[in-house]
1. Out of every Cα-Cα pair in the chain, what percent are more than 38 Å apart?
2. Using Cβ counts within 10 Å as a stand-in for footprinting exposure, how do 59, 164 rank, fewest first?
3. Expected output is a single nm value to one decimal: the length gained when fully extending between residue 310 and residue 174, i.e. 0.36 nm times separation in residues minus the C-alpha distance. What is it?
4. Taking the alpha carbon gyration tensor of the stretch 152-270, what are the square roots of 5 times its eigenvalues, largest first, to the nearest whole Å?
5. Net charge near residue 136: determine it from the other residues with C-beta under 9 Å of the C-beta of residue 136, scoring Lys and Arg +1 and Asp and Glu -1.
6. Which percentage, to the nearest 5, of the DSSP beta bridges contained in the chain is antiparallel?
7. Would you list 75, 116 from fewest to most Cβ contacts within 10 Å?
8. Could you work out the local net charge near residue 86, counting Lys and Arg as +1, Asp and Glu as -1, over the other residues with Cβ closer than 11 Å to its Cβ?
Amino acid sequence: MNSSRPAQHVDQPVARRAPVVADVAHPVEVVDSTLSCRALEEIFRSDSVECIGVRDVADAHRVGLVTRDRCFAAMSGELGYGRALLYRKPVSELTDWSPTFVDPWWSVSDALRVAMARPRRRRYDDLVVRSQVWGAVNVASLIHSLSGELVARTDHDALTGIRDRHAWLGALDVHTRAASEQDDFVAVFVATVDGVAAVNGSHGFLAGDTVLAAVARRLREEFVPRSAVGRLGGTQFGVFAPVAAVSLDDALEQVRGVADRLGGAGQSAVRALVHEGVLRPGETPVSVRLGYALAPHGASGEALVTRAVERLEPVLS
């Protein structure tokens, strides 16, 4: 293993990034401005085609856009034309030669801001994405992406992408209060990652963030039916799940099995980071402790978390 200070993994982004235009854009077919409107209509008969890029054969630097809605509106006569007349005309007759251009690395919010700054009648027109491959993005996709991002930022931890403490405890509270004929118990698991402060001091905060993000990812990937994972704060994570059991002993057996799996998942994340060179064995020891609590439905969520923290024990490697 390389003994030099690792960098190739630490500098990878671990925090949730804001969505950019490239995330929601789609490639578009490009046709020459001399193409007939009849041929254009045939292209739009495919439900997957929403817009077409048009290249001006007389000016290589002039590009435009024609949408499915505009094409069919023209063909039906809404724009003062008619199918019989348009069939003989080139696609340039229907092309918007002054579309709004955006770059693929623009943030979704910036692209939406530009779109909404246009005149009212053009605010919801598609935007052309500058790229080696022609692309386009519609305003509905921008709004959908931005609204999803706002929801995620409201109740998710920015570093790990899982629920933050407030959202996780709120979900736990709802779950423990909900009456259920099938789920007799609720289990809460708390995992604490020890040694992150030492990693921050020796390798920098990006390395510490990488550790936390990796553990969170493995806890989330470890399948526990109907469970919810959250970051309780600092280096501590929580998982809760319903437990259907015929007896307390049966429930405890199930919970111990899940605890072993979650603890193993957290510890495997640490081992993977050592293998990748993010952590150096022995120099900055990182380990996971895990505790759990089990109670019938109706118990206090906060009390279950407290009980699980009190029972934290090291996870064996």
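Values in this text are rule-based calculations from the coordinates and carry no lab data. As the structure is a prediction and not an experimental result, all values here were calculated from the model. Neighbour counts run over all protein chains shown; Cβ positions are idealised from the backbone, glycine included.
1. 42 percent
2. Listed from fewest to most nearby Cβ atoms, that is 59, 164.
3. 46.7 nm
4. With the √(5λ) rule applied to the stretch 152-270, the semi-axes are 28, 17, 10 Å.
5. -2
6. 85 percent
7. 116, 75
8. +2
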